[in-house]
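Asks: To start, I am sharing the structure in question, which I have written as structure tokens.
The values are calculated or read from the model by the stated rules, or taken from the named source; none is laboratory data. Please read all numbers here as calculations on a predicted model, not as lab measurements. Reconstructed Cβ throughout: ideal geometry from the backbone, glycine too, with neighbour counts over all protein chains shown. In case anyone asks, the SASA skips ligands and DNA or RNA and just uses the protein heavy atoms, side chains included. Shrake-Rupley method; radii C 1.70, N 1.55, O 1.52, S 1.80 Å.
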Amino acid sequence: MINLDLLYEKKKIFGFFSNQLNYPEKLTFHPNMWEEFVTPDTAGYEDLQTYWEAMKTYSLDEIEELYTYTFDFQKDATLFMTFVKFEDSKERGQMLARLKVLYEMFGLSMPDEELSDLLPLMCEFIYAAEWKGDPRAQQSFSMLLAVIEDGTYFLMKALEKYESPYFYLIRALRETCKSCIQREVSAND
């Protein structure tokens, strides 16, 4: 079960994930980006640090090339979280529709040209949405995080195979999501 209070406390780091997973720009790797979003107590901090240090060894042109090669030309390294599991099936269409309704329910209007399972968009939604006190939040964010968990597992495995520095970013994202899961305590504990 998702601990919504913990997720809310970690909203800011999802802004970092969104920023890093969008097409790179000069400001994407500005030192202030790190300082504004990442603290040593951030879940997955070591992986984030490995990612950040690796990216600083590339020029912006090299990062743009790496990003395009990785996320646009490798079918198994897609940023569309339901694609690997469902490809273009009816189930994927249904999940895309459910995600779009979720975003709109919490005040985010979806750009028409984007699909609702795009990982940077999902992270941006967690960062920007206000859900405190909303009775729909538990079920909605449980579904959202389940989609992220499923999709990033396949993405992380692909990035590891390609020896991409984005592997560390995705592993840190998965660690952040896991840190928001509340373990059910049985009556016998």
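Asks: What translational D, rounded to a whole number of µm²/s, comes out for region 68-117 from Stokes-Einstein when the hydrodynamic radius is the Kirkwood one over Cα pairs, at 20 °C and 1.002 mPa s?
Replies: Reported coefficient: 182 µm²/s.
Asks: Before rounding to the nearest 500, sum -39500 (n - 2.57) across all DSSP H runs of length at least 4 in the chain and divide by the residue total; then give [θ] at 222 nm in deg cm²/dmol.
Replies: Taking each H run of at least 4 residues, the total per residue is -18000 deg cm²/dmol.
Asks: Now for a different question. Indicate the helices, whole DSSP H runs only, in the chain that combine a mean Kyte-Doolittle hydropathy of 0.0 or more with a Cα extent along their long axis of 30 angstrom or more.
Replies: 137-161
Asks: Long-range amide H contacts for residue 42: which residues qualify at under 5 Å (H placed 1.01 Å from N, peptide plane, sequence gap of 5 or more or a different chain)?
Replies: Residues meeting the amide H criterion: none.
Asks: Could you state how much accessible area residue 114 has, in square angstrom rounded to the nearest 10, with a 1.4 Å probe and all protein chains kept in place?
Replies: Counting only protein heavy atoms, residue 114 exposes about 70 Å² to solvent.
Asks: Could I ask something else about it? Keeping all protein chains in place and using 1.4 angstrom, which order do 132, 26 fall into by accessible surface area, from largest down?
Replies: 26, 132
Asks: Bin all alpha-carbon pair distances of region 1-159 at 5 Å intervals from 0 and give each bin's fraction as a whole percent.
Replies: Binned Cα distances yield the sequence 1, 8, 16, 21, 21, 17, 11, 4, 1, 0.
Asks: So who's got an amide H within less than 5 Å of the one on residue 2, skipping anything under 5 residues away but keeping other chains? H placed 1.01 Å off N, in plane.
Replies: Residues meeting the criterion, in which the H sits 1.01 Å from N, are 182.
Asks: With every protein chain kept in the model, how would you rank 109, 89 by accessible area, 1.4 Å probe, largest at the top?
Replies: 109, 89
Asks: Kindly report, to the nearest 10 Å², the accessible surface of residue 181 as traced by a 1.4 Å probe over protein heavy atoms only.
Replies: The accessible area of residue 181 comes to roughly 90 Å².
Asks: Just grab the label-to-label distance for residue 150 and residue 136, each label 7 Å out from Cα along the Cβ direction, in nm (one decimal).
Replies: Placing both labels 7 Å along Cα→Cβ, they lie 2.1 nm apart.
Asks: Looking at the square roots a ≥ b ≥ c of the eigenvalues of the Cα gyration tensor of region 80-189, which shape do they give, rounded for a/c under 1.5, prolate if a/b is larger than b/c, or oblate?
Replies: Oblate, since a/c reaches 1.5 and b/c is not below a/b.
Asks: A further question follows. For an R0 of 25 angstrom, estimate the FRET efficiency from the Cβ-Cβ distance between residue 163 and residue 39 and round to the nearest 0.05.
Replies: Using R0 = 25 Å, I get an efficiency of 0.35.
Asks: Excluding same-chain residues fewer than 8 positions from residue 90, which lysines have a Cα within less than 24 Å of its Cα?
Replies: Output for residue 90: 75, 100.
Asks: Testing the spin-label approximation: label points 7 Å from Cα along Cα→Cβ at residue 179 and residue 25. State their distance in nm.
Replies: 2.7
Asks: With labels modelled as points extended 7 Å from the Cα through the Cβ direction, what inter-label distance (nm, one decimal) is found for residue 9 paired with residue 112?
Replies: 4.3
Asks: Mind giving me the FRET efficiency for residue 58 and residue 88? R0 is 35 Å, r the Cβ-Cβ distance, nearest 0.05 is fine.
Replies: 0.60
Asks: Related question: Name the most mobile residue of 165, 24, 40, meaning the one with the largest mean-square fluctuation, in a Gaussian network model of the chain with Cα contacts below 10 Å.
Replies: 40
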